[in-house]
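**Student:** Quick one: the structure is below, and I'll ask about it shortly.
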Amino acid sequence: MNYDNKPSHYYSKVRHEMLKYMPVGTKRILEVGCGNGCLGEEIKKNAEVEIWGIEMMEDEAESAKKVLDKVFVGKCEDFLNELPDNYFDVIYFNDVLEHLFDPYSLLSSIKSKLSSNGVVISSIPNMRYHNELRKLLIKKDWKYEQHGVMDFTHMRFFTQKSIRRMYEDAGYSVLINEGINKSKSLKPILYNILFLFTQKDIFYLQFATVASKKV
């Protein structure tokens, strides 16, 4: 899969909206798909934390090494044995799991790397976002794009329900599973009028999920 044609901000956008999900008192973080380390750098401005990263793109990983404590270059699956067990308070997957062939197995495997109260935090695009739903149902089209929900590098597609199911099947308890980056368009409001506001998930570009190991 070629990631070289991504927009310039693809590896350097700080996901500020994901910071609020990080538990108070977090000391050790693993960010899978850390890009150039910009999120970790932002976190370090306000807290004393140890942050590890995993990044496939070599140039971005080299930049991340300058701001994070430890960075692996390559696929997350290749480094599971090098990650300490029962260690990380937070493992971030910000728009990463949908790029993997088998995110289900990875979530199951990486669970052992969480500390006793640790959580996995993810952002995953919503296949039922109103723009994508319109293209599929009205325009009868399935067209890949350079970025967004229909990113050409996405291997998997999710809804709010299937995100929850993926985590629960992998042995997690889902603490939060909520929409983020809400659309400002009037279209999802109009669509919901037709369905008596039973389709509120179509407002959200992504879903943020926080999950802990099932006790």
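**Student:** Assuming 0.36 nm per residue, please report the length gained on full extension of the stretch Asp69 to Ile180 beyond their Cα-Cα distance.
**Tutor:** 37.1 nm
**Student:** Still on this model: Applying the Karplus parametrisation 6.51 cos²θ - 1.76 cosθ + 1.60 with θ = phi - 60° to the phi angles of region 50-59, what ³J(HN,Hα) value in whole Hz is obtained for each residue in order, glycine and proline being reported as x?
**Tutor:** Running phi through 6.51 cos²θ - 1.76 cosθ + 1.60 with θ = phi - 60° gives 9, 10, 9, x, 10, 9, 6, 7, 4, 4 Hz.
**Student:** Relative to a virtual label point 7 Å from the Cα of Glu17 in the Cα→beta-carbon direction, which members of region 96-122 show backbone nitrogen distances below 19 Å?
**Tutor:** Label zone hits: 96-99, 121-122.
**Student:** Right, next: Check Phe72: other-chain or 5+ apart residues with amide H under 5 Å from its amide H, H built from backbone geometry?
**Tutor:** Residues meeting the amide H criterion: Gly53, Ile54, Glu55.
**Student:** Protein chains only, probe 1.4 Å: how do Tyr204, Tyr92, Tyr104 rank by accessible area, largest first?
**Tutor:** Sorted descending by solvent-accessible area, the residues read Tyr104, Tyr204, Tyr92.
**Student:** Another one. Per DSSP H run of n ≥ 4, the term is -39500 (n - 2.57); total these for the chain, divide by its residue number, and report the mean residue ellipticity at 222 nm rounded to 500 deg cm²/dmol.
**Tutor:** It comes out at -6500 deg cm²/dmol, rounded to the nearest 500.
**Student:** I'd like the distance between the alpha-carbon centres of region 107-176 and region 50-98, rounded to an integer number of Å.
**Tutor:** Here the answer is 20 Å between Cα centres.
**Student:** For Met56, Met155, write out the residues from largest to smallest accessible area, computed with a 1.4 angstrom probe and no ligands counted.
**Tutor:** Met56, Met155
**Student:** How big is the accessible area of Thr159 in square angstrom, nearest 10, if you roll a 1.4 angstrom probe over the protein chains?
**Tutor:** The accessible area comes out at roughly 40 Å².
**Student:** May I pose another question? Starting from the residue with the highest accessible area, list Lys113, Lys20 in decreasing order, probe 1.4 Å.
**Tutor:** Accessible-area ranking of Lys113, Lys20, largest first: Lys20, Lys113.
**Student:** Measure off 7 Å from each Cα along the Cα-to-Cβ vector at Ser108 and Asn46, then give the distance between these two points in nanometres to one decimal.
**Tutor:** Each label point lies 7 Å from its Cα, and together they span 3.6 nm.
**Student:** What percent do you get for the relative contact order of region 104-210 when only Cα pairs under 8 Å and 6+ apart count?
**Tutor:** Taking the mean separation of contacting Cα pairs over the length of region 104-210, I get 39 percent.
**Student:** Where only protein heavy atoms count, and the probe is 1.4 Å, what is the accessible area per residue for region 29-167 in Å²?
**Tutor:** 47 Å²
**Student:** Using a 1.4 Å probe over the heavy atoms of the protein chains, calculate the carbon and sulfur portion of the accessible area of the chain as a whole percent.
**Tutor:** 51 percent
The values are calculated or read from the model by the stated rules, or taken from the named source; none is laboratory data. Everything numeric here is computed off the predicted structure, so don't read it as measured data. Using ideal geometry, Cβ is built from the backbone for each residue, glycine included, and neighbour counts are taken over all protein chains shown. Ligands, DNA and RNA are excluded from the accessible area calculation, which covers all protein heavy atoms including side chains. Shrake-Rupley method; radii C 1.70, N 1.55, O 1.52, S 1.80 Å.
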